[in-house]
1. Could you tell me which numbered condition ALA22 fails, if it satisfies all but one of (1) more than 14 Å from the chain's Cα centre (by Cα); (2) modelled with pLDDT of 95 or more?
2. Considering every residue within the stretch 96-105, establish whether at least one is under 14 Å from VAL170 (Cβ atoms) and among the hydroxyl-bearing types (Ser, Thr, Tyr).
3. Among the residues of the stretch 117-135, what is the count of those that are at pLDDT 90 or above and open to solvent by less than 50 Å² (accessible area, probe 1.4 Å)?
4. Residue by residue through the stretch 32-53, note down the ones that are modelled with pLDDT under 85 and crowded, with 19+ Cβ neighbours inside 10 Å.
5. Go through the residues of the stretch 63-76 one by one and say whether even a single one is closer than 27 Å to HIS210 by Cα, open to solvent by 50 Å² or more (accessible area, probe 1.4 Å), out of contact with any strand residue (DSSP E or B) (no Cβ under 9 Å at 6 or more places or on another chain) and not in a loop (DSSP other than H, G, I, E, B).
6. Please go through the stretch 83-104 and pick out each residue that is in contact (Cβ under 8 Å) with a residue 60 or more places away in the chain and surrounded by fewer than 18 Cβ atoms within 10 Å (Cβ to Cβ).
7. Return yes or no: is PHE57 touching a Lys or Arg at 6+ places or on another chain (Cβ under 8 Å) and either open to solvent by less than 70 Å² (accessible area, probe 1.4 Å) or free of Cβ contacts under 8 Å to residues at least 12 places away in the same chain (or both)?
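The values are calculated or read from the model by the stated rules, or taken from the named source; none is laboratory data. Nothing here was measured: the structure is a model prediction, and the numbers come from that model. Counting neighbours? That spans all protein chains shown, and the Cβs are built from the backbone with ideal geometry, glycine included. Just the protein is used for accessible areas: all its heavy atoms, side chains included, with ligands, DNA and RNA removed. Shrake-Rupley method; radii C 1.70, N 1.55, O 1.52, S 1.80 Å.
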Amino acid sequence: MAGVAVLGGSFNPIHYGHLLLADEVLELLGLDRALFVPAAAPPHKPAAQLAPAADRFEMERLAIAGQPRFAVSDLELRRSGPSYTVDTLHELAAGGDALSLVIGSETFLDLLTWREPRRVASLARLVVIPRAGSAFDPEGAAAQKVLREIGVQGGFVHADAGAALPAHGVVIVHATSLPLSASELRRRVREGRSLAFRLPPAVIDYVRAHGLYRTEPA
């Protein structure tokens, strides 16, 4: 059974922050591979802000080229309708791998707005990444409410505290956070500014060759 870190999202576009995070999660949790899963139609994001799903998938494929422990899945692109994480995890779990779903701390606090959040937590261990400078408080009322509602017992486990990590539940990982955001990168494209050292060169070339992000979304 392989340990797989599942990283979902719009990846609009994928950048070095995503790649560094995946590498650190693999190292800190001792997992075998990272699986990037671009969403075709994220339920919480307007479609007008997204590059076509096929382009976002191709940028991820280019970004991870040459990294044998990284893979990208078109599972959500092949499935019609909104890209619900619970459906994705259900399909991935059928392969027999031990899944760890990597999410930001803000996303964790919004987890109760997702489809079937309790089932999400039953299908994968949740790996929560606090954003640098965020006010995320694992002992706060908001975080504790999410734990109760998704049926997780025992509270949070900190991956860097030297404790044995549970196969299920919620693990907090303090990974390196690069000061990069996809919205800022899209703005740089519109303004004709440099993308160097922010995106893999092959992704930069793809963005330029396909004219992505040149105009403000409607």
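1. Single failed check for ALA22: (1).
2. Yes, the stretch 96-105 contains at least one residue that is under 14 Å from VAL170 (Cβ atoms) and among the hydroxyl-bearing types (Ser, Thr, Tyr).
3. Qualifying residue count, the stretch 117-135: 11.
4. PRO42, the sole residue that qualifies.
5. So far as the stretch 63-76 goes, no, none of its residues is closer than 27 Å to HIS210 by Cα, open to solvent by 50 Å² or more (accessible area, probe 1.4 Å), out of contact with any strand residue (DSSP E or B) (no Cβ under 9 Å at 6 or more places or on another chain) and not in a loop (DSSP other than H, G, I, E, B).
6. Across the stretch 83-104, the qualifying residues are GLY96, ALA98.
7. When the stated conditions are applied, PHE57 does not pass them.
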